[in-house]
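Below is one structure, written out as structure tokens; comments come after it.
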Amino acid sequence: MKILLVEDDESVGDFIVGELTAAGHQCAHEKDGEAGYKAAVDNDYDVMVIDRMLPRMDGLTLIQRLRTEGNHTPVLVLSALGDVDDRVRGLHSGADDYLVKPFSMAELLARLEVLHRRASMPVVDVRTTLQVEDLFMDLLKQQVQRQDTPISLQPREYKLLEYLMRHAGQVVTRAMLLEHVWGYHFDPQTNVIDVHVSRLRQKIDRDFDQPLLATVRGAGYRLGPAQAVG
Amino acid sequence: MQVREVLSSLTFRFIVKYVTVLSATVFLLLGAFYIYFSYTSFEDLGESVLEELETLQLVYRGQSLAGVEQYIEDQRALPTVHRFYYLVTNDSGVKVAGDLPVAPRYREFDDGWLGFEMALQNWGESIDVDFLARPMELGDGYQAIVARDYAGIVGRAELVFRTLFRVMIATILLGITSGFFSAAATLNRVERLNMEISRIIRSDPGQRLRVEDEKGYVRTLALVMNQMLEQMESLMQGVRRVSDNIAHDLRTPLTRMRNQLSQLRAGLEHAESGQVDRIIEECDELLASFNALLRISTLESGSRLAGGTDVELRAVLGDVVELYEPLAHERGVTLELDAPQPGVCKGEIDLLFQMFANVLDNAIKYTPEQGAIRVQLRPGLAGDGHSVVIADSGPGIPDAERKNVFRRFYRVESSRSEHPGHGLGLSLVQAIAKYHYGSVELGNNNPGLQVRIKLP
């Protein structure tokens, strides 16, 4: 991915650039709003990471300006503020996702991956079936089967699996699942999500040789063929 | 606005006091006037009696008794009712002239004045009238008494007194009525200010009172309130800035440390990585409590909920219960939602969810196997608002500890070792409840803990 990072804190910026580069991405780093704006206009990025508070031009203003000029590159806003208000304001100004500092690199990478994937997909998703290996989901009949065995799921399990299947092969974090499957943005004190995932895993993996739903340590989950944990 | 409010208002009470003092003063002044008026009237009366006696004496000296008799006859012929009455007696006390009876029952006044009562014919009616009289030696053993009634003076004095009394009653009534209306008008203005200021504090502290509409003291008050709002806003901004700075200054290096640890871990053998994993976990916990602390500070220091959206509490509680049900099930705890009717409340749905989740999280953590947790939604007792009760069958919290558990980082001693946690869960619950103009209380569930959340 070609990523633009606009972050005024040099050490955080350098660290993120280092991590993203290590993960195999191309990353440009700008340190203030004006420079970030220039870079975004002059180059073509896959995804942008913009800090909320920036010198010379505020992060949200920067996003608004790009959006009014027709630039629709997906943007993830970084912020040190843990306030709900700020998240709403961020999303209103045209940002696609929002992450509160401190965040784990895994969370950032997972979210950037999802944003990039979403942007490269057609705007209207017309698929009526989803398939990951031998697992099928019929979106119209709301039925799931693996190989030829039908699997019966509770409504929430179905939504959980649907989200995982739509993001097959990508790392999905717990916070992302809470946001998209349950519709709430909050910090659980315990790993309440893990129980739901292990219930789902029981249903789709237990009776089959090849496990599909893997836990990615320190990050979240990935649905797809088993692969070496990175 | 209620009549009672007006009656108990400061302005009205002030005006009542003022009217009382004013009418008392007026009464005293007019009373003094009344006394002075009566006194001078009597003095005039006495003087006229003395003059009449002198005249009588002059007549006696000039024309002796016959002249006196003639004079008295002339006077009696005058058509006035309030005229002089006379009695002339000789040295043996026999009446020789005049129209008074010989010996009415005299009362003796000071300085040789006498008083008596006598019936007078007035328009065919007989009226008892008070007289003032004075005797005098005419000479040769003759003694004269001249008397004059003072009914006229009493009548005038009575008229003055009645007038005074009526004026006073009218003053009091008019004063109090106008006081009532002016107090009502002031109260109206104060109430308008009141409503406006609470709206500003609730919704947008950036707004100000409209000073142009106000006059006098209310205007000054509005100006002072505006200054207070100004200061409050800048203080709030100051606190926000400070917490933003803390966030920037402390969380960023923490993140860096955590991420460097995970880098370090990637290069390690499996045997050693376990130790680093534990450090990373601790780091994450530290960051989590830092986040929670910062959220609590933000919620507590900033303005409260402004506007918010309509949140249906039964649906939110349903979602929370649904999210936690598998966890409860895994721990062998039954979780039950009892919400017979929906309840709509203004709020931020994510925060409300967080609040219920924290309480439920705790309940599940502390409830032993085979235990039960019950989540109840009811309309508020007073008929407005909502009450959410989350009751478990765990060990509960001793009375003495109940206040403390809302303090940041406070943990009940017995749970310290058994259950992990950063001691901020209930602080956040309280901050969120207060942010929504609500409250949290802890109660005994016999056995277990009852967390009662009240929302408007």
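The table that follows gives values for the structure above.
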| read-out | value |
| --- | --- |
| Residue check, A:Leu115 touching an Asp or Glu at 6+ places or on another chain (Cβ under 6 Å), surrounded by 14 or more Cβ atoms within 10 Å (Cβ to Cβ) and among the hydrophobic types (A, V, I, L, M, F, W, C) | yes |
| One residue from A:Tyr45, A:Tyr37 being in contact with a Lys or Arg (Cβ under 8 Å, 6 or more places away or on another chain) and either among the basic types (Lys, Arg) or farther than 18 Å from A:Ala119 by Cβ (or both) | A:Tyr37 |
| Qualifying residue in region B:329-343 (condition: out of contact with any Lys or Arg (no Cβ under 7 Å at 6 or more places or on another chain), away from chain A (no Cβ under 12 Å), over 23 Å from B:Gln370 (Cβ atoms) and hydrophobic (A, V, I, L, M, F, W, C)) | no |
| Residue match in region B:67-83 (condition: in the same structural domain as B:Met136 (by TED's automatic domain parsing), without any contact (Cβ under 8 Å) to a residue 12 or more places away in the chain and of a type in the set (Lys, Arg)) | no |
| Single residue of B:Leu313, B:Leu261, B:Leu254 found to be at pLDDT 80 or above and within 11 Å of another protein chain (Cβ to nearest Cβ) | B:Leu261 |
| Complete set of residues in region A:72-114 that are modelled with pLDDT of 85 or more, within 11 Å of chain B (Cβ to nearest Cβ) and part of a loop (DSSP other than H, G, I, E, B) | none |
| Helices (runs of 4 or more DSSP H) (entirely within region B:251-362) containing at least 1 residues that are in contact with a His (Cβ under 7 Å, 6 or more places away or on another chain) and surrounded by fewer than 19 Cβ atoms within 10 Å (Cβ to Cβ) | B:270-301 |
| Within region B:151-181, considering residues that are loosely packed, with under 14 Cβ neighbours inside 10 Å and polar (S, T, N, Q), the one farthest from B:Leu229 (Cα to Cα) | B:Thr163 |
| In region B:362-398, the residues that are among the charged types (D, E, K, R) and either modelled with pLDDT of 90 or more or within 14 Å of B:Gly343 (Cβ to Cβ) (or both) | B:Arg374, B:Arg378, B:Asp384 |
| Residues located in region B:273-285, provided they are among the aliphatic types (A, V, I, L, M) and more than 10 Å from every other protein chain (Cβ to nearest Cβ) | B:Val276, B:Ile279 |
| Subset of region A:6-53 that is assigned to a loop (DSSP other than H, G, I, E, B) and within 12 Å of chain B (Cβ to nearest Cβ) - its residue that is farthest from A:Thr73 (Cα to Cα) | A:Asp9 |
| Tally, over region A:181-205, of residues that are over 14 Å from A:Glu107 (Cβ atoms) and more than 7 Å from every other protein chain (Cβ to nearest Cβ) | 12 |
| One residue from B:Leu286, B:Leu254 being of a type in the set (A, V, I, L, M) and over 20 Å from A:Met53 (Cβ atoms) | B:Leu286 |
| Selected residue (only one of B:Ala24, B:Ala77 is exposed (fewer than 15 other Cβ atoms within 10 Å of the Cβ) and under 60 Å from the mean Cα position of the chain (by Cα)) | B:Ala24 |
| Of the criteria (1) surrounded by fewer than 12 Cβ atoms within 10 Å (Cβ to Cβ); (2) under 24 Å from B:Val129 (Cα atoms); (3) more than 60 Å from the chain's Cα centre (by Cα), which one B:Val49 fails | (1) |
| Strands (runs of 3 or more DSSP E) completely within region A:138-211 that count 3 or more residues being under 19 Å from the mean Cα position of the chain (by Cα) | A:171-173 |
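The values are calculated or read from the model by the stated rules, or taken from the named source; none is laboratory data. This structure is a prediction, so every number in the text was calculated from the model and none was measured. For neighbour counting, all protein chains shown are included, and Cβ atoms are generated from backbone atoms with ideal geometry for every residue, glycine included.
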